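What follows draws every value from the coordinates through simple rules; no lab data is involved. Since we're looking at a predicted model, the values are computed, not measured. Neighbour counts run over all protein chains shown; Cβ positions are idealised from the backbone, glycine included.
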Amino acid sequence: MQPEIAGGNEQAEVTADVPVDHFTNIVLDGKALKLSPKTVNHVFYELSEHDELKVLYLRLSGNEGGGLHSKEWIAIDDVFTLLNEQEDKPFKSTVFKSAFKGSSANNTGFLAACCRGLGLIIPTEKSVFLHQLAPDYEQRREELLSLVDGETKSE
């Protein structure tokens with residue numbers, strides 16, 4: 001004979017660890033023409049404020065016409081750091097390689113297209129695949145940074 005358990009038959013509640021999405025505040029949803037002059041297809045991107053850090057992040061969210069890419073969020077400050085190093089010289093899309101953890105071959109070109117769409121860089125006269133900082137790069141950078149309030153920004 002089994003002893004009676006006081007309090008009834010309660011089940012333990014099991015909860016799974018759900019990853020926290022820090023990027024629910026999308027401040028800009030944009031699209032930019034791909035770099036190749038042979039296409040009219042676009043790359044899509046999102047800018048989001050990290051809900052705890054209060055800093056801006058960017059991700060490639062999609063594209064027309066195919067091409068795999070990483071959808072990871074990258075700190076826009078990392079992109080600005082890479083761009084700031086390119087002052088007064090033409091550069092290739094590969095300068096963005098270190099911004100990504102993912103290794104898709106399209107990441108750098110798609111990010112360069114986004115930077116053009118955001119008005120941060122322009123093509124050089126020599127090649128549509130070479131870039132230079134836009135004449136109003138610093139102003140555009142500040143306009144983008146102003147999309148977040150930055151009250152609890154950590155350094």
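General observations
- 3J(HN,Hα) along the range 120-127, derived from phi through the Karplus expression 6.51 cos²θ - 1.76 cosθ + 1.60 where θ = phi - 60°, amounts to 8, 9, 9, x, 7, 5, 6, 7 Hz, with x in place of Gly and Pro.
- Local electrostatic count at Tyr45 - Lys and Arg +1, Asp and Glu -1, tallied over other residues with Cβ under 9 Å: 0
- Sites Asp17 and Gln139 - FRET efficiency at Förster radius 35 Å, r taken between beta-carbons, to 0.05: 0.20
- Neighbour-count ranking [beta-carbon atoms within 10 angstrom, fewest first] of Asp78, Asp29, Asp17: Asp17, Asp29, Asp78
- Lysine pairs meeting the criterion (Cα under 15 Å, 8 or more apart or interchain), as found in the range 25-145: 6
- Size descriptors for the range 69-148: radius of gyration and Dmax over Cα atoms are 12.1, 36 Å.
- Percentage relative contact order, the range 25-145, counting C-alpha pairs under 8 Å, at least six apart: 23 percent
- Gyration tensor (alpha-carbon) shape descriptor, the range 25-87, a/c threshold 1.5: oblate
- Signed unit charges on C-beta, dipole axis of the range 77-128, positive-most listed residue Gly119, Phe100, Asn84: Phe100
- Förster radius 41 Å - calculated FRET efficiency between Asn25 and Glu125 (Cβ-Cβ, nearest 0.05): 0.60
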